[in-house]
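Some notes on the structure that comes next.
The values are calculated or read from the model by the stated rules, or taken from the named source; none is laboratory data. Worth saying up front: this structure is predicted, and the values here are computed from it rather than measured. FYI the Cβ positions are ideal-geometry reconstructions off the backbone, even for glycines, and counts take in every protein chain you see. For accessibility, only protein heavy atoms count, side chains too; no ligands or nucleic acids. Shrake-Rupley method; radii C 1.70, N 1.55, O 1.52, S 1.80 Å.
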Amino acid sequence: MEKRTTLKKTLKPHWVWAIALGSSIGWGAFVQPAAWMGTAGPLGAMIGFAIGGLLMMLIAVSYGFLIRSFPVSGGEFAYAFISLGRTHAFISGWFLTLGYICIVALNASALALMFKFVFPSVLENFYMYQIADWDVYGMEIIIATIALIIFGYLNIRGGGFTGSAQFIFCIIMVGGVSLLTTLVGINPSAGISNIAPLFPSDKTAIAAILSIVAIAPWAFVGFDNIPQAAEEFNFSSKKAFRLIILAILFATVLYCLMIFTTAMTQPWEGLVAAGHNWGTAEAIQNVLGTVGVVILVVALLMGIFTGLNGFIISTSRLLFAMSRAKFIPKSFSKLGKHETPYISIIFTVIVAMVAPWFGRQALTWVVDMSSVGVTIAYFYTCYTAFSLFKWNKNNGFNANKHVVSPGKKIFALLGMVASIAFLGLLLIPGSPAFLGVESRIALIVWVVLGILFYIMKYKDYRNLDKEEMNYLILGSKEIKVKKD
(Lines give C-alpha, C1' and ligand atoms only; values in the text may rest on other atoms or scores of the structure.)
Protein backbone atom coordinates (compact mmCIF):
# COMPACT_ATOMS: atom_id res chain seq x y z
CA MET A 1 0.00 0.00 0.00
CA GLU A 2 1.51 3.35 -1.05
CA LYS A 3 2.19 6.03 1.53
CA ARG A 4 -0.57 8.62 1.87
CA THR A 5 0.41 12.25 1.17
CA THR A 6 -0.68 14.65 3.94
CA LEU A 7 -0.76 18.43 4.38
CA LYS A 8 1.11 20.50 6.96
CA LYS A 9 -0.86 21.63 10.04
CA THR A 10 -0.54 25.42 9.94
CA LEU A 11 -4.04 26.88 10.34
CA LYS A 12 -4.99 28.61 13.61
CA PRO A 13 -8.64 28.79 14.85
CA HIS A 14 -9.18 32.49 14.05
CA TRP A 15 -7.73 31.97 10.58
CA VAL A 16 -10.17 29.12 9.93
CA TRP A 17 -13.07 31.29 11.15
CA ALA A 18 -11.92 33.99 8.72
CA ILE A 19 -11.73 31.49 5.84
CA ALA A 20 -15.34 30.47 6.49
CA LEU A 21 -16.71 33.98 7.02
CA GLY A 22 -14.79 35.62 4.19
CA SER A 23 -15.82 32.89 1.76
CA SER A 24 -19.48 33.18 2.82
CA ILE A 25 -19.62 36.94 2.27
CA GLY A 26 -17.61 37.45 -0.93
CA TRP A 27 -18.76 40.26 -3.21
CA GLY A 28 -22.53 39.69 -3.06
CA ALA A 29 -23.23 41.51 0.23
CA PHE A 30 -21.85 44.74 -1.25
CA VAL A 31 -23.15 44.53 -4.82
CA GLN A 32 -26.54 42.79 -4.57
CA PRO A 33 -28.62 44.53 -1.81
CA ALA A 34 -30.62 46.60 -4.32
CA ALA A 35 -31.40 43.48 -6.37
CA TRP A 36 -32.42 41.55 -3.25
CA MET A 37 -34.73 44.38 -2.18
CA GLY A 38 -36.27 44.37 -5.64
CA THR A 39 -36.97 40.66 -5.20
CA ALA A 40 -38.18 40.58 -1.61
CA GLY A 41 -38.26 44.09 -0.15
CA PRO A 42 -35.97 45.16 2.72
CA LEU A 43 -37.67 43.18 5.48
CA GLY A 44 -38.34 40.19 3.22
CA ALA A 45 -34.65 40.07 2.25
CA MET A 46 -33.44 40.34 5.86
CA ILE A 47 -35.90 37.70 7.11
CA GLY A 48 -34.90 35.47 4.18
CA PHE A 49 -31.22 35.71 5.11
CA ALA A 50 -31.99 35.13 8.79
CA ILE A 51 -33.97 31.98 7.97
CA GLY A 52 -31.27 30.88 5.54
CA GLY A 53 -28.64 31.34 8.25
CA LEU A 54 -30.66 29.26 10.72
CA LEU A 55 -31.09 26.48 8.16
CA MET A 56 -27.33 26.55 7.51
CA MET A 57 -26.79 26.17 11.27
CA LEU A 58 -28.96 23.04 11.22
CA ILE A 59 -26.75 21.66 8.48
CA ALA A 60 -23.67 22.78 10.43
CA VAL A 61 -24.46 20.29 13.22
CA SER A 62 -23.64 17.48 10.79
CA TYR A 63 -20.53 19.25 9.58
CA GLY A 64 -19.24 19.75 13.11
CA PHE A 65 -19.61 16.07 13.97
CA LEU A 66 -18.01 14.82 10.75
CA ILE A 67 -15.09 17.26 10.90
CA ARG A 68 -14.36 16.16 14.47
CA SER A 69 -14.44 12.48 13.49
CA PHE A 70 -12.75 12.80 10.09
CA PRO A 71 -10.41 15.86 9.99
CA VAL A 72 -9.22 15.26 6.42
CA SER A 73 -9.12 17.29 3.22
CA GLY A 74 -12.02 16.71 0.87
CA GLY A 75 -14.95 17.54 3.11
CA GLU A 76 -18.20 16.43 1.47
CA PHE A 77 -16.28 14.22 -0.95
CA ALA A 78 -15.02 12.17 2.02
CA TYR A 79 -18.38 12.22 3.80
CA ALA A 80 -20.27 10.89 0.79
CA PHE A 81 -17.70 8.08 0.54
CA ILE A 82 -18.22 7.13 4.21
CA SER A 83 -21.96 6.59 3.88
CA LEU A 84 -22.61 5.76 0.23
CA GLY A 85 -19.32 4.72 -1.37
CA ARG A 86 -17.15 5.69 -4.29
CA THR A 87 -19.74 6.66 -6.89
CA HIS A 88 -21.49 9.12 -4.58
CA ALA A 89 -18.11 10.48 -3.45
CA PHE A 90 -17.35 11.25 -7.09
CA ILE A 91 -20.75 12.92 -7.61
CA SER A 92 -20.26 15.12 -4.55
CA GLY A 93 -16.69 16.04 -5.53
CA TRP A 94 -17.61 16.69 -9.16
CA PHE A 95 -20.38 19.16 -8.34
CA LEU A 96 -18.38 20.90 -5.61
CA THR A 97 -15.37 21.37 -7.88
CA LEU A 98 -17.48 23.24 -10.41
CA GLY A 99 -19.23 25.31 -7.75
CA TYR A 100 -16.02 26.35 -6.05
CA ILE A 101 -14.14 27.26 -9.25
CA CYS A 102 -17.12 29.31 -10.48
CA ILE A 103 -17.15 31.28 -7.25
CA VAL A 104 -13.40 31.94 -7.62
CA ALA A 105 -14.05 33.26 -11.13
CA LEU A 106 -17.07 35.31 -10.08
CA ASN A 107 -15.12 37.01 -7.29
CA ALA A 108 -12.35 37.88 -9.76
CA SER A 109 -14.87 39.36 -12.20
CA ALA A 110 -16.44 41.35 -9.35
CA LEU A 111 -13.26 43.42 -9.30
CA ALA A 112 -14.08 44.53 -12.84
CA LEU A 113 -17.60 45.51 -11.76
CA MET A 114 -16.13 47.66 -9.02
CA PHE A 115 -13.75 49.34 -11.49
CA LYS A 116 -16.68 49.92 -13.83
CA PHE A 117 -18.28 52.12 -11.17
CA VAL A 118 -15.21 53.77 -9.61
CA PHE A 119 -12.97 54.09 -12.69
CA PRO A 120 -15.21 53.59 -15.75
CA SER A 121 -12.69 55.21 -18.10
CA VAL A 122 -10.06 52.67 -17.03
CA LEU A 123 -12.22 49.59 -17.39
CA GLU A 124 -13.90 50.42 -20.67
CA ASN A 125 -10.79 49.97 -22.79
CA PHE A 126 -9.98 47.34 -25.43
CA TYR A 127 -13.59 46.51 -26.30
CA MET A 128 -13.74 42.94 -27.62
CA TYR A 129 -17.30 41.63 -28.09
CA GLN A 130 -20.71 41.20 -26.47
CA ILE A 131 -22.11 38.04 -24.85
CA ALA A 132 -25.66 37.92 -23.42
CA ASP A 133 -25.93 41.73 -23.59
CA TRP A 134 -22.70 42.13 -21.58
CA ASP A 135 -19.86 44.09 -23.20
CA VAL A 136 -16.57 42.28 -22.68
CA TYR A 137 -13.50 44.52 -22.40
CA GLY A 138 -9.88 43.45 -22.50
CA MET A 139 -9.14 45.53 -19.38
CA GLU A 140 -11.81 43.60 -17.48
CA ILE A 141 -10.04 40.34 -18.34
CA ILE A 142 -6.64 41.78 -17.41
CA ILE A 143 -7.85 42.88 -13.95
CA ALA A 144 -9.43 39.49 -13.18
CA THR A 145 -6.34 37.64 -14.44
CA ILE A 146 -3.91 39.70 -12.33
CA ALA A 147 -6.04 39.15 -9.21
CA LEU A 148 -6.12 35.39 -9.80
CA ILE A 149 -2.36 35.21 -10.37
CA ILE A 150 -1.65 37.14 -7.14
CA PHE A 151 -3.91 34.98 -4.98
CA GLY A 152 -2.73 31.80 -6.67
CA TYR A 153 0.85 32.75 -5.79
CA LEU A 154 -0.07 33.59 -2.19
CA ASN A 155 -1.76 30.20 -1.81
CA ILE A 156 1.27 28.38 -3.18
CA ARG A 157 3.36 30.17 -0.53
CA GLY A 158 1.53 28.27 2.20
CA GLY A 159 -1.60 27.93 4.34
CA GLY A 160 -0.16 29.94 7.24
CA PHE A 161 0.54 32.93 5.01
CA THR A 162 -2.93 32.92 3.41
CA GLY A 163 -4.65 32.21 6.73
CA SER A 164 -3.18 35.27 8.46
CA ALA A 165 -3.97 37.47 5.43
CA GLN A 166 -7.55 36.15 5.41
CA PHE A 167 -8.06 37.15 9.05
CA ILE A 168 -6.79 40.70 8.42
CA PHE A 169 -9.08 41.04 5.38
CA CYS A 170 -12.08 39.88 7.43
CA ILE A 171 -11.46 42.30 10.29
CA ILE A 172 -11.26 45.23 7.84
CA MET A 173 -14.45 44.04 6.09
CA VAL A 174 -16.44 43.75 9.34
CA GLY A 175 -15.17 47.17 10.45
CA GLY A 176 -16.14 48.71 7.10
CA VAL A 177 -19.71 47.40 7.23
CA SER A 178 -20.15 48.53 10.84
CA LEU A 179 -18.85 52.01 10.00
CA LEU A 180 -21.16 52.35 6.97
CA THR A 181 -24.22 51.36 8.98
CA THR A 182 -23.34 53.84 11.73
CA LEU A 183 -22.65 56.75 9.36
CA VAL A 184 -25.83 56.19 7.35
CA GLY A 185 -27.87 55.69 10.53
CA ILE A 186 -26.85 59.05 12.01
CA ASN A 187 -27.12 60.98 8.72
CA PRO A 188 -30.15 63.36 8.78
CA SER A 189 -30.99 62.71 5.12
CA ALA A 190 -31.37 58.95 5.72
CA GLY A 191 -33.70 57.09 8.03
CA ILE A 192 -35.74 54.02 8.84
CA SER A 193 -38.80 55.60 7.16
CA ASN A 194 -37.16 54.90 3.77
CA ILE A 195 -37.47 51.16 4.39
CA ALA A 196 -41.24 51.24 3.78
CA PRO A 197 -42.88 49.34 2.16
CA LEU A 198 -41.34 46.30 3.83
CA PHE A 199 -42.23 43.91 0.99
CA PRO A 200 -42.68 44.36 -2.79
CA SER A 201 -46.23 45.06 -3.88
CA ASP A 202 -46.28 42.42 -6.64
CA LYS A 203 -45.88 39.32 -4.43
CA THR A 204 -46.89 37.96 -1.05
CA ALA A 205 -44.59 38.27 1.95
CA ILE A 206 -44.07 34.49 2.06
CA ALA A 207 -43.14 34.29 -1.63
CA ALA A 208 -40.76 37.22 -1.19
CA ILE A 209 -39.02 35.62 1.79
CA LEU A 210 -38.79 32.21 0.08
CA SER A 211 -37.12 33.76 -2.96
CA ILE A 212 -34.25 34.83 -0.68
CA VAL A 213 -34.19 31.62 1.38
CA ALA A 214 -33.71 29.73 -1.88
CA ILE A 215 -30.37 31.41 -2.53
CA ALA A 216 -29.04 30.56 0.95
CA PRO A 217 -26.88 27.68 -0.39
CA TRP A 218 -25.17 30.22 -2.66
CA ALA A 219 -25.12 33.10 -0.16
CA PHE A 220 -23.65 31.06 2.69
CA VAL A 221 -21.46 28.70 0.69
CA GLY A 222 -18.06 29.14 2.26
CA PHE A 223 -18.67 27.89 5.79
CA ASP A 224 -18.15 24.46 4.23
CA ASN A 225 -14.59 25.51 3.40
CA ILE A 226 -13.76 24.59 6.98
CA PRO A 227 -13.89 20.81 6.33
CA GLN A 228 -11.81 21.26 3.19
CA ALA A 229 -9.03 22.69 5.35
CA ALA A 230 -9.55 20.32 8.32
CA GLU A 231 -6.37 18.38 7.63
CA GLU A 232 -4.37 21.58 8.20
CA PHE A 233 -5.82 22.51 11.62
CA ASN A 234 -3.12 23.06 14.24
CA PHE A 235 -5.83 22.74 16.93
CA SER A 236 -8.42 20.18 18.01
CA SER A 237 -11.05 19.47 15.35
CA LYS A 238 -13.66 19.64 18.15
CA LYS A 239 -13.57 23.44 17.76
CA ALA A 240 -14.78 23.26 14.16
CA PHE A 241 -18.51 23.34 14.99
CA ARG A 242 -18.15 26.50 17.08
CA LEU A 243 -16.14 28.17 14.31
CA ILE A 244 -18.78 27.28 11.70
CA ILE A 245 -21.63 28.66 13.83
CA LEU A 246 -19.71 31.89 14.47
CA ALA A 247 -18.97 32.28 10.75
CA ILE A 248 -22.63 31.75 9.77
CA LEU A 249 -23.80 34.15 12.49
CA PHE A 250 -21.40 36.90 11.40
CA ALA A 251 -22.31 36.33 7.74
CA THR A 252 -26.04 36.62 8.48
CA VAL A 253 -25.53 39.86 10.40
CA LEU A 254 -23.32 41.37 7.66
CA TYR A 255 -25.83 40.52 4.91
CA CYS A 256 -28.68 42.06 6.91
CA LEU A 257 -26.67 45.16 7.83
CA MET A 258 -25.81 45.87 4.18
CA ILE A 259 -29.47 45.51 3.14
CA PHE A 260 -30.61 47.66 6.07
CA THR A 261 -27.97 50.32 5.36
CA THR A 262 -28.82 50.49 1.65
CA ALA A 263 -32.56 50.71 2.37
CA MET A 264 -32.11 53.59 4.84
CA THR A 265 -30.36 55.83 2.29
CA GLN A 266 -33.48 56.62 0.21
CA PRO A 267 -36.90 55.14 -0.67
CA TRP A 268 -35.79 51.73 -1.89
CA GLU A 269 -38.39 51.31 -4.65
CA GLY A 270 -36.93 54.31 -6.48
CA LEU A 271 -33.43 52.94 -6.09
CA VAL A 272 -34.46 49.57 -7.52
CA ALA A 273 -36.41 51.18 -10.40
CA ALA A 274 -33.35 53.24 -11.40
CA GLY A 275 -31.56 50.02 -12.40
CA HIS A 276 -28.04 51.16 -11.50
CA ASN A 277 -25.14 48.82 -12.24
CA TRP A 278 -24.20 49.09 -8.57
CA GLY A 279 -27.22 50.31 -6.66
CA THR A 280 -25.60 50.13 -3.23
CA ALA A 281 -22.73 52.39 -4.29
CA GLU A 282 -25.12 54.93 -5.82
CA ALA A 283 -27.17 54.95 -2.64
CA ILE A 284 -24.16 55.34 -0.35
CA GLN A 285 -22.68 58.08 -2.53
CA ASN A 286 -25.92 60.08 -2.43
CA VAL A 287 -25.85 60.12 1.38
CA LEU A 288 -22.18 59.97 2.42
CA GLY A 289 -20.41 61.21 -0.71
CA THR A 290 -16.93 60.12 -1.69
CA VAL A 291 -15.99 59.08 1.85
CA GLY A 292 -18.86 56.59 1.96
CA VAL A 293 -17.94 55.14 -1.44
CA VAL A 294 -14.31 54.72 -0.34
CA ILE A 295 -15.41 52.79 2.77
CA LEU A 296 -17.76 50.66 0.65
CA VAL A 297 -15.05 49.96 -1.94
CA VAL A 298 -12.57 48.94 0.76
CA ALA A 299 -15.16 46.59 2.32
CA LEU A 300 -16.00 45.18 -1.12
CA LEU A 301 -12.30 44.64 -1.89
CA MET A 302 -11.91 42.73 1.37
CA GLY A 303 -15.00 40.66 0.50
CA ILE A 304 -13.57 39.86 -2.92
CA PHE A 305 -10.12 39.08 -1.54
CA THR A 306 -11.52 36.76 1.15
CA GLY A 307 -13.72 35.02 -1.40
CA LEU A 308 -10.85 34.55 -3.84
CA ASN A 309 -8.49 33.35 -1.14
CA GLY A 310 -10.98 31.07 0.64
CA PHE A 311 -12.25 29.31 -2.47
CA ILE A 312 -8.81 28.82 -3.97
CA ILE A 313 -7.92 27.09 -0.70
CA SER A 314 -11.05 24.89 -0.71
CA THR A 315 -10.93 24.05 -4.43
CA SER A 316 -7.28 23.05 -4.31
CA ARG A 317 -7.83 20.91 -1.19
CA LEU A 318 -10.82 19.18 -2.76
CA LEU A 319 -8.80 18.42 -5.91
CA PHE A 320 -5.92 17.25 -3.68
CA ALA A 321 -8.20 14.84 -1.80
CA MET A 322 -9.80 13.45 -4.98
CA SER A 323 -6.35 12.98 -6.54
CA ARG A 324 -4.99 11.25 -3.43
CA ALA A 325 -7.89 8.78 -3.73
CA LYS A 326 -7.08 8.28 -7.45
CA PHE A 327 -10.34 9.79 -8.69
CA ILE A 328 -8.41 12.34 -10.76
CA PRO A 329 -4.77 12.38 -12.00
CA LYS A 330 -2.02 11.92 -9.40
CA SER A 331 -0.34 15.25 -10.19
CA PHE A 332 -3.12 17.15 -8.39
CA SER A 333 -1.96 15.74 -5.02
CA LYS A 334 1.70 16.62 -5.59
CA LEU A 335 3.12 19.01 -2.97
CA GLY A 336 5.64 21.79 -3.67
CA LYS A 337 8.44 23.17 -1.51
CA HIS A 338 5.93 25.08 0.64
CA GLU A 339 4.02 21.81 1.20
CA THR A 340 0.94 23.01 -0.65
CA PRO A 341 -0.85 21.24 -3.56
CA TYR A 342 0.56 23.72 -6.04
CA ILE A 343 -0.65 21.97 -9.20
CA SER A 344 -4.23 21.97 -7.86
CA ILE A 345 -3.85 25.68 -7.06
CA ILE A 346 -2.47 26.47 -10.52
CA PHE A 347 -5.24 24.44 -12.18
CA THR A 348 -7.92 26.30 -10.18
CA VAL A 349 -6.49 29.67 -11.16
CA ILE A 350 -6.11 28.80 -14.86
CA VAL A 351 -9.68 27.47 -15.18
CA ALA A 352 -11.02 30.55 -13.38
CA MET A 353 -9.05 32.75 -15.81
CA VAL A 354 -11.10 31.38 -18.71
CA ALA A 355 -14.42 32.54 -17.26
CA PRO A 356 -14.08 36.35 -17.70
CA TRP A 357 -13.74 35.85 -21.48
CA PHE A 358 -17.39 34.75 -21.57
CA GLY A 359 -18.78 37.84 -19.84
CA ARG A 360 -20.23 38.21 -16.38
CA GLN A 361 -23.81 37.42 -17.39
CA ALA A 362 -22.84 34.05 -18.87
CA LEU A 363 -20.82 33.28 -15.74
CA THR A 364 -23.81 33.97 -13.46
CA TRP A 365 -25.77 31.25 -15.29
CA VAL A 366 -23.14 28.70 -14.31
CA VAL A 367 -22.94 30.01 -10.75
CA ASP A 368 -26.73 29.75 -10.39
CA MET A 369 -26.51 26.17 -11.59
CA SER A 370 -23.67 25.43 -9.18
CA SER A 371 -26.07 26.17 -6.28
CA VAL A 372 -27.57 22.79 -7.11
CA GLY A 373 -24.20 21.11 -6.64
CA VAL A 374 -23.54 22.84 -3.33
CA THR A 375 -26.97 21.80 -2.06
CA ILE A 376 -26.32 18.20 -3.09
CA ALA A 377 -23.10 18.33 -1.05
CA TYR A 378 -25.04 19.61 1.96
CA PHE A 379 -27.44 16.69 1.61
CA TYR A 380 -24.61 14.14 1.48
CA THR A 381 -23.10 15.60 4.63
CA CYS A 382 -26.36 15.50 6.57
CA TYR A 383 -27.19 12.02 5.29
CA THR A 384 -23.78 10.72 6.37
CA ALA A 385 -24.20 12.20 9.86
CA PHE A 386 -27.74 10.79 10.02
CA SER A 387 -26.43 7.31 9.16
CA LEU A 388 -23.72 7.49 11.86
CA PHE A 389 -25.98 8.82 14.62
CA LYS A 390 -28.25 6.16 16.15
CA TRP A 391 -31.43 6.36 18.21
CA ASN A 392 -30.13 3.58 20.49
CA LYS A 393 -27.74 0.61 20.48
CA ASN A 394 -30.12 -1.65 18.59
CA ASN A 395 -30.60 -1.96 14.83
CA GLY A 396 -27.07 -2.81 13.69
CA PHE A 397 -25.21 -0.55 16.12
CA ASN A 398 -21.41 -0.64 15.60
CA ALA A 399 -19.37 0.86 18.44
CA ASN A 400 -16.62 1.99 16.04
CA LYS A 401 -18.86 3.61 13.44
CA HIS A 402 -21.94 4.80 15.33
CA VAL A 403 -22.80 7.25 18.10
CA VAL A 404 -26.02 7.18 20.11
CA SER A 405 -27.40 10.71 19.86
CA PRO A 406 -31.14 11.03 19.10
CA GLY A 407 -30.99 14.85 19.27
CA LYS A 408 -28.19 15.19 16.73
CA LYS A 409 -29.85 12.57 14.53
CA ILE A 410 -32.93 14.80 14.43
CA PHE A 411 -30.76 17.80 13.50
CA ALA A 412 -29.15 15.75 10.71
CA LEU A 413 -32.62 14.77 9.48
CA LEU A 414 -33.73 18.40 9.52
CA GLY A 415 -30.59 19.28 7.57
CA MET A 416 -31.51 16.67 4.95
CA VAL A 417 -35.03 18.11 4.72
CA ALA A 418 -33.63 21.64 4.37
CA SER A 419 -31.28 20.49 1.59
CA ILE A 420 -34.14 18.80 -0.28
CA ALA A 421 -36.25 21.97 0.14
CA PHE A 422 -33.42 24.08 -1.31
CA LEU A 423 -33.16 21.69 -4.28
CA GLY A 424 -36.91 21.88 -4.80
CA LEU A 425 -36.86 25.67 -4.87
CA LEU A 426 -34.12 25.55 -7.52
CA LEU A 427 -35.46 22.72 -9.70
CA ILE A 428 -39.28 22.70 -9.43
CA PRO A 429 -40.95 24.82 -12.15
CA GLY A 430 -42.93 27.71 -10.75
CA SER A 431 -40.92 28.01 -7.53
CA PRO A 432 -39.64 31.51 -6.62
CA ALA A 433 -36.04 30.53 -7.42
CA PHE A 434 -36.49 28.14 -10.36
CA LEU A 435 -33.31 28.06 -12.45
CA GLY A 436 -33.40 29.88 -15.77
CA VAL A 437 -33.11 28.05 -19.08
CA GLU A 438 -29.40 28.87 -19.45
CA SER A 439 -28.61 27.59 -15.94
CA ARG A 440 -30.50 24.36 -16.58
CA ILE A 441 -28.57 23.82 -19.82
CA ALA A 442 -25.28 24.40 -17.96
CA LEU A 443 -26.39 21.88 -15.31
CA ILE A 444 -27.16 19.23 -17.94
CA VAL A 445 -23.81 19.80 -19.65
CA TRP A 446 -21.92 19.40 -16.37
CA VAL A 447 -23.82 16.21 -15.50
CA VAL A 448 -23.02 14.70 -18.91
CA LEU A 449 -19.35 15.65 -18.59
CA GLY A 450 -19.30 14.06 -15.13
CA ILE A 451 -20.74 10.80 -16.45
CA LEU A 452 -18.13 10.68 -19.22
CA PHE A 453 -15.26 11.40 -16.81
CA TYR A 454 -16.53 8.81 -14.34
CA ILE A 455 -16.60 6.16 -17.06
CA MET A 456 -13.05 7.07 -18.11
CA LYS A 457 -11.67 6.82 -14.56
CA TYR A 458 -13.84 3.89 -13.42
CA LYS A 459 -11.16 1.20 -13.70
CA ASP A 460 -8.50 3.24 -11.89
CA TYR A 461 -10.24 3.52 -8.54
CA ARG A 462 -12.22 0.28 -8.83
CA ASN A 463 -8.91 -1.58 -8.65
CA LEU A 464 -8.40 -0.30 -5.09
CA ASP A 465 -9.76 -2.48 -2.30
CA LYS A 466 -11.94 -1.02 0.44
CA GLU A 467 -9.18 -0.81 3.06
CA GLU A 468 -6.82 1.07 0.74
CA MET A 469 -9.58 3.47 -0.31
CA ASN A 470 -10.43 4.12 3.35
CA TYR A 471 -6.76 4.81 4.05
CA LEU A 472 -6.31 7.19 1.09
CA ILE A 473 -9.45 9.22 1.81
CA LEU A 474 -9.70 9.04 5.62
CA GLY A 475 -6.18 8.16 6.77
CA SER A 476 -7.34 4.91 8.38
CA LYS A 477 -8.13 1.43 7.06
CA GLU A 478 -11.37 1.41 9.03
CA ILE A 479 -14.10 4.01 9.43
CA LYS A 480 -14.10 5.11 13.07
CA VAL A 481 -15.93 8.02 14.62
CA LYS A 482 -14.66 10.01 17.59
CA LYS A 483 -16.84 9.95 20.68
CA ASP A 484 -17.78 13.09 22.64
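Just one of S316, S237 is over 30 Å from I186 (Cα atoms) and at pLDDT below 90; which is it?
S237
Can you find even one residue in segment 70-79 that is in a helix (DSSP H, G or I) and open to solvent by 10 Å² or more (accessible area, probe 1.4 Å)?
Looking for residues that are in a helix (DSSP H, G or I) and open to solvent by 10 Å² or more (accessible area, probe 1.4 Å), one finds none in segment 70-79, hence no.
Please state which of the following conditions I206 fails to meet, knowing it meets all the rest: (1) touching a residue at least 60 places away in the same chain (Cβ under 8 Å); (2) under 27 Å from the mean Cα position of the chain (by Cα); (3) farther than 30 Å from L66 by Cα.
(1)
Can you say whether S333 is without any contact (Cβ under 8 Å) to a residue 40 or more places away in the chain, crowded, with 23+ Cβ neighbours inside 10 Å, out of contact with any Asp or Glu (no Cβ under 6 Å at 6 or more places or on another chain) and not aromatic (F, W, Y), as far as the supplied structure shows?
Criteria not met by S333.
Look at segment 325-363 and say how many of its residues are more than 12 Å from V104 (Cα to Cα), under 19 Å from the mean Cα position of the chain (by Cα) and of a type in the set (S, T, Y).
1
For segment 78-101, indicate whether the set of residues that are within 30 Å of V291 (Cα to Cα) and among the hydrophobic types (A, V, I, L, M, F, W, C) is non-empty.
Within segment 78-101 (the criterion being within 30 Å of V291 (Cα to Cα) and among the hydrophobic types (A, V, I, L, M, F, W, C)), the answer is no, since none of the residues qualifies.
Which pairs do you get when a residue that is more than 14 Å from G38 (Cα to Cα), found in segment 254-265, comes within reach of a residue that is of a type in the set (G, A, S), reach meaning Cβ atoms under 6 angstrom, with the pair 6+ apart or on two chains?
L254/A29; Y255/A29; M258/A29; M264/A190; T265/A190; T265/A283
Filter segment 172-207 for residues that are assigned to a helix (DSSP H, G or I) and among the small types (G, A, S); which is surrounded by the most Cβ atoms within 10 Å (Cβ to Cβ)?
From segment 172-207, those assigned to a helix (DSSP H, G or I) are 172-186, 192-195, 205-207; that's our starting set.
Those still in the list that are among the small types (G, A, S) too: 175-176, 178, 185, 193, 205, 207.
On the way: G175: 14, G176: 22, S178: 15, G185: 13, S193: 8, A205: 15, A207: 16.
Restricting to residues being assigned to a helix (DSSP H, G or I) and among the small types (G, A, S), the top hit is G176.
Taking the options V16, V61, name whichever one is under 21 Å from L308 (Cα atoms) and either in a helix (DSSP H, G or I) or without any contact (Cβ under 8 Å) to a residue 24 or more places away in the chain (or both).
Numbers: V61 fails: under 21 Å from L308 (Cα atoms).
Of the residues listed, the single one that is under 21 Å from L308 (Cα atoms) and either in a helix (DSSP H, G or I) or without any contact (Cβ under 8 Å) to a residue 24 or more places away in the chain (or both) is V16.
Could you check how many residues of segment 387-439 are of a type in the set (G, A, S), under 23 Å from Q361 (Cα atoms) and either in contact (Cβ under 8 Å) with a residue 24 or more places away in the chain or open to solvent by less than 20 Å² (accessible area, probe 1.4 Å) (or both)?
4
Out of the residues in segment 117-142 that are in a loop (DSSP other than H, G, I, E, B) and on the phi < 0 side of the Ramachandran plot, state the one that is surrounded by the most Cβ atoms within 10 Å (Cβ to Cβ).
Going through the qualifying residues, I end up with E124.
Taking L96 as meeting all but one of (1) more than 17 Å from the chain's Cα centre (by Cα); (2) closer than 25 Å to S371 by Cα; (3) not small (G, A, S), write down the number of the exception.
Condition (1) is where L96 drops out.
Could you please find all residues in segment 440-466 being more than 25 Å from G99 (Cβ to Cβ) and free of Cβ contacts under 8 Å to residues at least 60 places away in the same chain?
Listed by number, the residues that qualify are K459, N463, D465, K466.
Among (1) farther than 19 Å from G310 by Cα; (2) open to solvent by less than 50 Å² (accessible area, probe 1.4 Å); (3) within 22 Å of the chain's Cα centre (by Cα), which single condition is V253 missing?
With (1) farther than 19 Å from G310 by Cα; (2) open to solvent by less than 50 Å² (accessible area, probe 1.4 Å); (3) within 22 Å of the chain's Cα centre (by Cα) applied to V253, the lone miss is (2).
Here's the yes/no breakdown for (1) outside any helix (DSSP H, G or I); (2) in contact with a Pro (Cβ under 8 Å, 6 or more places away or on another chain); (3) under 16 Å from V213 (Cβ atoms):
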{"site": "N394", "(1), (2), (3)": "yes, no, no"}
{"site": "G415", "(1), (2), (3)": "no, no, yes"}
{"site": "F422", "(1), (2), (3)": "no, yes, yes"}
{"site": "L449", "(1), (2), (3)": "no, no, no"}
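Does S237 count as of a type in the set (G, A, S), farther than 29 Å from I473 by Cβ and surrounded by fewer than 21 Cβ atoms within 10 Å (Cβ to Cβ)? Break it down into steps so the answer makes sense when it comes.
Working: of a type in the set (G, A, S): yes; farther than 29 Å from I473 by Cβ: no; surrounded by fewer than 21 Cβ atoms within 10 Å (Cβ to Cβ): yes.
No, not satisfied.
Modelled with pLDDT of 90 or more and crowded, with 20+ Cβ neighbours inside 10 Å, is that true of I47?
yes
Return the only residue of L54, L21 being within 19 Å of the chain's Cα centre (by Cα) and open to solvent by 10 Å² or more (accessible area, probe 1.4 Å).
Numbers: L21 fails: open to solvent by 10 Å² or more (accessible area, probe 1.4 Å).
Just one listed residue meets the conditions, L54.
Any chance segment 27-42 includes a residue that's in a helix (DSSP H, G or I), closer than 24 Å to K409 by Cβ and open to solvent by 10 Å² or more (accessible area, probe 1.4 Å)?
no
Among the numbered criteria (1) under 21 Å from Q228 (Cβ atoms); (2) surrounded by 19 or more Cβ atoms within 10 Å (Cβ to Cβ); (3) not acidic (D, E), which one does G450 miss?
Result: G450 fails condition (2) only.
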